[in-house]
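**Q** Dropping the structure in here first, questions after.
Computed from the coordinates by the stated procedures, all read-outs in this text should not be read as laboratory data. This one's a predicted model, so the numbers in the text were calculated from it and none came from an experiment. Because the Cβ atoms are built from the backbone with ideal geometry, glycine has one as well, and the counts that use them run over all protein chains shown.
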Amino acid sequence: MTPVTATHTGFAEGTVEVVSYADHPLGPPDPGGTELLYTLTEFHYTGGMEGTGYHAYLQRLTPDSGPFRVMARVVGSLGGRPGTFVTEGAGTRLPTGPVDVDWRIVEGTGTGELVGVTGTGTVTTTEEGVVRYTLSYAFPGG
């Protein structure tokens, strides 16, 4: 018989505020207007996940849209538990600025009281320009 490991699950949602944002071109745009960028950002999270996120994006911007990949370290708390974890995700940046991202917590990156945390989430930008996140997460054990 395989032992069953209990988990504690949770759901966090809240808002994201831009603290700093810097685009860095990777060479000149091509003749069609496509450009490659890496972008470094710092965000402040409020809600069920509180703290600061340090993000690095690799983006392909076209005149119509911009798919990207992102990795981040989140320093703060989740569900009231302090610590850090790393996320990775993919999304789209529109020429007007709003972004939508699907992301996950990278397994094995939790520290402090977030050791063992796993989860998946989204980031969306509302029509009013408010950036919101959701995160479904789990901790091993009770």
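**Q** What does the extension gain come out to for residue 46 and residue 20, with contour length at 0.36 nm per residue minus their alpha carbon separation?
**A** 7.7 nm
**Q** Right, next: Which distance in Å, rounded to a whole number, links the C-alpha centroids of the stretch 36-53 and the stretch 56-115?
**A** Rounded to whole Å, the Cα centres lie 8 Å apart.
**Q** May I ask you to sort 36, 78 by Cβ crowding, counting other Cβ atoms within 10 Å and putting the fewest first?
**A** 36, 78
**Q** While we're here: Using only Cα atoms, what is the ratio of the radius of gyration of the chain to 2.2 N^0.38 Å?
**A** Compactness ratio reported: 1.16.
**Q** Can you tell me the dipole magnitude for the chain around its Cα centre, using point charges on the Cβ only (Lys, Arg +1; Asp, Glu -1), in Debye to the nearest 20?
**A** 380
**Q** Would any residue of the stretch 15-35 have its amide N under 19 Å from a label point 7 Å out along Cα→Cβ of residue 126? List them or say none.
**A** So the set is 15-19.
**Q** Okay, next question. Which of the peptides 66-77, 22-33 is most tightly packed, and how do the rest follow, judged by the mean count of other Cβ atoms within 10 Å per residue?
**A** 66-77, 22-33
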